[in-house]
Amino acid sequence: MKTKTPVGKPRGAFFGRRKGHPLRAGQASLIKSLLPDLAIDLGRPAPLDAGALFEVAVDAVRLEIGFGSGEHLAAQAAAHPAIGFIGCEVFENGVAKLLADVQRRALANVRILTDDARLLIAALPSASIGHVFILFPDPWPKQRHHKRRIVTGETLDALARLMTDGAELRLATDDVDYLGWMLARVTVHPAFAWLAAGPADWRIRPADWPATRYEAKAIAAGRRPYFLRLRRRPR
């Protein structure tokens, strides 16, 4: 399937550049040959069941918004072959790296959107997603750019509609200011319960939460990563 851009794109982008350094020949080949098979076509009618987006039968569907280089998504998909994983990412170089991982691991339970994740969130049926991951999103540190942050009350409202009761929302950041921003919003949202019982619950990455390349860079630069787990309350 090929991704089409529908009418009515959301205002303002929470993501940055779409391209970085030129792709290597093998990466460019994957963009042409493999991506069309995995890409979600927003020009088609929205499925009544999110699992219908996958060629294989899946027991549940999970969503990662801004998967970066895709190592977390690929690791999750490999560990849970009966679960479908949708990854949203506009950065072409990151998409190419995920495609290489999908090919190497022969993952049949991955689908990709190379457009604004909010378009997909709006299109998917209510109570259709079991987990949502937003890991190390751009903190947009300048005050005038704060409006571009993905974690907002509006986003949480949209995710609350999308997620099943008991579903888990996982957030990560290495920016202390953004951590405070996130907590100020998720802890007051009526649809979500923060699962932390003590400092270790948000300072230490859980064992079932695969590490990312960005996390390693943050630690190497002396920045502490923070990990938030929230549960979608029953409706």
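Looking at the stretch 111-158, the trypsin sites (Lys or Arg not before Pro) that sit in a DSSP loop and have at most 11 other Cβ atoms within 10 Å of their own Cβ are LYS142. Taking amide H atoms as placed 1.01 Å from N in the peptide plane, the amide H of PHE136 lies under 5 Å from those of ALA172, THR173, each 5 or more residues away in sequence or on another chain. Largest mean-square fluctuation among ASP59, ASP116, ASP138, in a Gaussian network model of the chain whose springs join Cα atoms under 10 Å apart, belongs to ASP59.
Using the Kirkwood radius over Cα pairs, work out the Stokes-Einstein diffusion coefficient for the stretch 30-129 at 20 °C and 1.002 mPa s, in µm²/s as a whole number. Estimated via Stokes-Einstein, D reaches 161 µm²/s. Taking the chain as the region of interest, the number of lysine pairs whose Cα atoms are within less than 24 Å, with members eight or more places apart or on different chains, is 16.
Just the ratio, please: alpha-carbon radius of gyration of the stretch 196-235 over 2.2 N^0.38 Å, N its number of residues.
Cα Rg divided by the expected 2.2 N^0.38 Å: 1.39.
Less than 5 angstrom separates the built amide H of ALA39 from those of ILE112, all sequence-distant by 5 or more or on a different chain. Take every Cα pair under 8 Å whose residues are at least 6 apart in sequence, average their separation, divide by the length of the stretch 107-227, and the relative contact order is 27 percent. Applying D = kT/(6 pi eta Rh) to the chain, where Rh is the Kirkwood radius over alpha-carbon pairs, T corresponds to 37 °C and eta to 0.692 mPa s, the Stokes-Einstein value obtained is 181 µm²/s. So if I take the centroid of the Cα atoms in the stretch 89-138 and the same for the stretch 151-200, what is the distance between those two points in Å? Going from one Cα centre to the other spans 19 Å.
Where the alpha-carbon atoms of the stretch 62-118 are placed on the principal axes, they occupy 26, 21, 14 Å, in descending order.
Most simply put, the stretch 44-121 has about 0% antiparallel DSSP beta bridges, counting only bridges with both residues inside it.
Looking at the chain, the DSSP beta bridges with both ends there are about 30 percent antiparallel.
Among the protein heavy atoms of the chain, carbon and sulfur supply 55% of the accessible surface, probe 1.4 Å, non-protein parts ignored.
The values are calculated or read from the model by the stated rules, or taken from the named source; none is laboratory data. Remember, predicted model here, so these are calculated numbers, not experimental data. Counting neighbours? That spans all protein chains shown, and the Cβs are built from the backbone with ideal geometry, glycine included. Side chains are part of the model used for accessible areas, which takes the heavy atoms of the whole protein and leaves out ligands, DNA and RNA. Shrake-Rupley method; radii C 1.70, N 1.55, O 1.52, S 1.80 Å.
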